[in-house]
Amino acid sequence: MKAVEIKPGVYWIGAIDWAIRDFHGYVTPNGTTYNNYLVMDDQITLFDTVKHDFSKTTIDNIKNLTDPAKIKNIVINHIENDHVTSLGDIMALAPNATIYISGKGKKGLDRFFDTSKWDMKIVKTGDTLNIGKRNLLFIETPMLHWPDSMMTYIREDKLLISQDAFGQHFASSSRFDDEFLNCFSVSELEDAVTDYYANILMPFGTLIKSKIEEVQKLRLEIDMIAPDHGIIWRKDPGKIIKMYLDMATGKADLKVAIIYDTMWQSTEQMTVPIMQGIRDEGVDVKVVKLRADPKSLAVKEFWKSRGCLFGSPTLNNSMFPTMAELLSYLKGLRPRNRIVGAFGSYGWGGGAVRDMYEEFKKIGLEVAEPGLQVLYKPSAEDENACYEFGREFARKVKGYHTSFE
Ligand code: FEO
């Protein structure tokens with residue numbers, strides 16, 4: 001896609017990755033975009049690059065606006081591969097550019113490239129750079145979501161270039177929130193934001209909240225937020241800030257996710273009366289089957305719901321491998337403010353439910369005990385027990401949810 005002017009003299013020059021479905025291990029059903037920006041001021045300034053596969057795309061976009069050799073400054077807000085791997089190609093065309101980067105960013109860049117001939121300046125929060133008619137303000141945002149991360153605010157444009165923060169993995173021909181909503185629904189947009197947050201930013205909620213509050217204290221006027229993925233927040237930048245503050249404080253819907261896997265459909269059979277029991281307590285349910293759905297989707301549904309039930313049959317005295325993988329992934333995401341329980345079928349000695357609870361406690365989740373096990377195949381009596389298990393869990397979720405209101 002050709003360059004798009006997002007503010008007078010400020011251009012999106014990125015790339016749309018329609019086909020990517022595996023983004024460093026999690027599923028991106030809607031693809032993604034790699035956004036970078038070029039400011040045509042007295043000193044032409046580039047913000048970030050793109051994944052190397054799209055190096056030619058962004059360079060062509062630059063060439064349609066200017067001779068790349070005229071780029072005076074390159075601000076690297078984030079050094080992860082999807083944003084920095086075209087830098088070598090760009091520096092070959094703009095060898096006299098000065099790179100502005102955080103201290104941790106420089107350490108990483110020195111590992112990715114031979115930077116010995118590059119002019120690099122380390123910046124920190126509060127540092128400014130005049131590029132002609134505009135003044136840039138750098139704001140370090142370490143661990144959002146890498147140690148090097150930072151944002152840049154362009155005062156005269158009231159524009160925050162926010163790197164990964166406030167992004168979404170969604171390939172579309174729309175560059176702005178209002179354009180996106182001409183083609184897609186608000187819930188699709190919110191879902192994409194939640195998916196991104198749950199799978200990337202969940203561990204950093206406390207940092208996110210304090211960083212947003214720190215930026216709010218700077219009293220910067222922001223009328224546009226331009227992240228490095230997805231749409232640019234032009235119509236309603238306040239919406240994404242509010243969504244982030246809500247997610248950072250662990251806000252969830254009064255809802256239950258049931259995430260399960262099954263060997264011979266016994267555990268699957270248990271989900272039906274459990275779901276009915278939850279529903280009969282007036283709580284909505286979302287059911288996710290591992291191996292049918294990606295674990296990133298399971299994590300998103302887990303994160304949206306105040307309560308989650310995990311179902312796994314016993315295999316070799318422990319939980320099914322897909323469940324073990326999911327809980328390992330979840331542990332790294334350090335979720336909080338969710339209540340969980342476990343159920344599953346077994347044939348010999350059991351072990352899946354026991355081991356799932358052990359994992360819940362290691363993760364630090366609120367647990368609803370006891371879990372529920374069924375031998376071999378649920379009988380009519382077992383199905384009644386499943387139904388009651390669902391009702392009881394829903395009551396616990398409602399009580400737990402009340403403590404957050
Ligand atoms: Fe989009 Fe942290 O990279």
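Could we say that residue 126 is over 21 Å from residue 157 (Cβ atoms), open to solvent by 10 Å² or more (accessible area, probe 1.4 Å) and either more than 16 Å from the ligand (Cβ to nearest atom) or not in a strand (DSSP E or B) (or both) here?
No; evaluated as a whole, the condition is false for this residue.
Could you list, in sequence order, the residues of the stretch 165-208 that are open to solvent by less than 10 Å² (accessible area, probe 1.4 Å) and among the polar types (S, T, N, Q)?
Passing the criteria: 168, 172, 174.
Among the residues of the stretch 104-123 satisfying the criterion of being within 25 Å of the chain's Cα centre (by Cα) and farther than 15 Å from residue 74 by Cα, which is most open to solvent (accessible area, probe 1.4 Å)?
For the stretch 104-123, the residue satisfying everything is 107.
Can you pull out every residue in the stretch 369-381 that is in contact (Cβ under 8 Å) with a residue 60 or more places away in the chain and on the phi < 0 side of the Ramachandran plot?
372, 374, 377, 378
Taking the conditions exactly as written (at positive phi and either more than 16 Å from the ligand (Cβ to nearest atom) or at pLDDT below 95 (or both)), does residue 250 satisfy them or not?
In short, yes.
Mind checking which pairs have a first residue in the stretch 208-219 that is in contact (Cβ under 8 Å) with a residue 24 or more places away in the chain and a second that is in a helix (DSSP H, G or I), Cβ under 7 Å, 6 or more apart or different chains?
Close Cβ pairs (under 7 Å, with a partner that is in a helix (DSSP H, G or I)) amount to 208/201; 208/244; 208/248; 209/245; 209/248; 212/241; 212/244; 212/245.
Residue 165 - would you say it is among the small types (Gly, Ala, Ser) and not in a strand (DSSP E or B)?
Criteria met by residue 165.
Of everything in the stretch 56-93, what is part of a loop (DSSP other than H, G, I, E, B) and surrounded by 23 or more Cβ atoms within 10 Å (Cβ to Cβ)? Give them in sequence order.
Result: 77, 78, 79, 86.
Taking the condition of being within 16 Å of the ligand (Cβ to nearest atom), open to solvent by less than 10 Å² (accessible area, probe 1.4 Å) and in contact with a Leu (Cβ under 7 Å, 6 or more places away or on another chain), how many residues in the stretch 209-236 meet it?
Qualifying residue count for the region: 2.
May I ask you to list the residues in the stretch 131-163 that are among the aromatic types (Phe, Trp, Tyr) and away from the ligand (no atom under 16 Å from the Cβ)?
Passing the criteria: 138, 153.
What do you reckon, is residue 349 open to solvent by 20 Å² or more (accessible area, probe 1.4 Å) and touching a strand residue (DSSP E or B) at 6+ places or on another chain (Cβ under 8 Å)?
When the stated conditions are applied, residue 349 passes them.
Note down all Cβ pairs under 8 Å where the first residue falls in the stretch 83-102 and is more than 12 Å from residue 50 (Cβ to Cβ), the second is assigned to a loop (DSSP other than H, G, I, E, B) and within 16 Å of the ligand (Cβ to nearest atom), and they're at least six residues apart or on different chains.
So the pair list comes out as 101/79; 101/148; 102/142; 102/148; 102/149.
Quickly run through the stretch 1-31 and pick out the residues that are open to solvent by 30 Å² or more (accessible area, probe 1.4 Å) and under 29 Å from residue 295 (Cα atoms).
Hits for the stretch 1-31 are 18, 19, 21, 22, 24, 25, 27, 29, 30.
Out of the stretch 304-324, which residues are crowded, with 24+ Cβ neighbours inside 10 Å and assigned to a helix (DSSP H, G or I)?
323 - this is the single residue of the stretch 304-324 that is crowded, with 24+ Cβ neighbours inside 10 Å and assigned to a helix (DSSP H, G or I).
The values are calculated or read from the model by the stated rules, or taken from the named source; none is laboratory data. Given the structure is predicted, the values throughout are model-derived calculations rather than measurements. Because the Cβ atoms are built from the backbone with ideal geometry, glycine has one as well, and the counts that use them run over all protein chains shown. Protein only, heavy atoms only, side chains kept; ligands, DNA and RNA dropped before computing areas. Shrake-Rupley method; radii C 1.70, N 1.55, O 1.52, S 1.80 Å.
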